[in-house]
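What follows draws every value from the coordinates through simple rules; no lab data is involved. These figures come from a predicted structure and were not determined experimentally. Neighbour counts run over all protein chains shown; Cβ positions are idealised from the backbone, glycine included.
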Ligand SMILES: Cc1ncc(COP(=O)(O)O)c(C=O)c1O
């Protein structure tokens, strides 16, 4: 008998790990490596949020709390959904977990049975298919094509739906492409979903606040209220408030699902960190004006990166409206040879050679289910980004 459970055997180790650990190794060996792989803002958590945590500790908010969140945080989340998304949830329709990832994990584990299907548009955030597999169900990958701005077409969604489909996972702005759906584009998808009552919607809105060029964010339950009673609207404080380490995510959805999630959480991690919950109350209820500066900084970085990548031989990169990622194509580099004599057959070869020969760490598109592309996170200082793009240009210019 093997040590590892069959469920775990279905899951691959994170494909982003190989490049990350290689980058770490090279750095430790003294090489000058610029990491563009991280999925977290480089900004610090705002001081008012840190102060709220310090005060919570001083008040003695250091004990177990209600499993799926303190009432004060649930109230702040109810208000946030109403204020920012026009969504009305009761307190009993809100859950709080240790990061958006735990909420997603709980929702899928609490609802999926063997043989069930979950539609995951590709390119996807690496965790979606693996969590579906851990839950014993089958991910059905539906390609969001470059020609459609990496947004899933209604026809592709319709084609992927079967009687076994339980969930459609929707992520806008998207990790890894930054693709962001307009209200009309969401409506075209919700029109399809209205015709298939067995399909629930898991809308991952974690990058909601990181949108550019005046883009107006929308979410499916708001666009199509008839879907609200089969939608889980997922969000968190990690990305918008630079709080990745605090581990607070939350969701609004039908009470029966919220209860099932709480049951699962009660037998695994129990409540998310009490101090982080109080910090998140401040994040959601405190001043939001710092976001304007962060968004302006991200937009400037995005514009720099897109423009410099488009000047690199063999690369082409579109300008996404959200998140802090771009997803350039390296089609033009395939079949070529690097200065050190490595042949580039696919995007993994491209990412590996770029790291080894120029010290720039990016993640190959294969990790996100769509090749030949690579993902760059521009959540890093503008000087480092400029230098990284210069090295990418040099790397591409030297391909023969
Ligand atoms: C698309 C997407 N959803 C959810 C998460 C989870 O974030 P957290 O667990 O920090 O809330 C991430 C983090 O990288 C993400 O990229």
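Pair-distance distribution of segment 252-400: all C-alpha pairs, bin width 10 Å, starting at 0; shares per bin in whole percent are 10, 31, 21, 18, 15, 4. I need to check one value: relative contact order of segment 103-248, counting alpha carbon pairs closer than 8 Å and at least 6 residues apart, in percent. Computed over segment 103-248, the figure is 19 percent. Of all DSSP-defined beta bridges confined to segment 195-309, some 50% are antiparallel rather than parallel. Protection proxy ranking of 392-400, 244-252, by the mean of other Cβ atoms within 10 Å over each peptide's residues and highest first, is 244-252, 392-400. Of the Cα atoms belonging to the chain, the radius of gyration and Dmax stand at 21.2, 64 Å. The modelled label-to-label distance between residue 289 and residue 31, using points 7 Å beyond Cα along the C-beta direction, is 4.6 nm. Helix 183-194: angle to the longest alpha-carbon principal axis of the chain, degrees 0 to 90, nearest 10? On a 0 to 90 degree scale, this one is about 60.
Can you sort 91, 308 so the residue with the fewest Cβ neighbours within 10 Å comes first?
Starting with the residue having the fewest Cβ neighbours, the order is 91, 308.
Against the chain, whose longest principal axis comes from its Cα atoms, helix 347-358 is set at around 60 degrees. Applying Stokes-Einstein at 10 °C and 1.306 mPa s to the Kirkwood radius of segment 338-383, computed over alpha-carbon pairs, gives a translational diffusion coefficient of 141 µm² s⁻¹. Of all DSSP bridge pairs formed entirely within the chain, close to 45 percent run antiparallel.
Our summary gives segment 10-150 a relative contact order of 19 percent, counting only alpha carbon pairs under 8 angstrom and 6 or more residues apart. Highest-first packing order for the peptide set 19-28, 111-120 is 111-120, 19-28, based on the mean count of other beta carbon atoms within 10 Å. Considering only the Cα atoms of segment 281-326, their convex hull presents on average a projected area of 3.6 nm². For segment 53-67 versus segment 145-192, the inter-centroid distance based on Cα atoms is 40 Å.
Over the chain, DSSP H runs of length four or greater, each weighted -39,500 (n - 2.57), average out per residue to a 222 nm ellipticity of -12500 deg cm²/dmol. Report note on the peptides 150-160, 269-279: ranked by the mean count of other C-beta atoms within 10 Å, highest first, their order is 269-279, 150-160. Compute the acute angle (0 to 90°) between the alpha-carbon long axis of helix 71-85 and the principal axis of greatest extent of the alpha-carbon atoms of the chain; round to the nearest 10°. Its long axis makes an angle of about 60 degrees.
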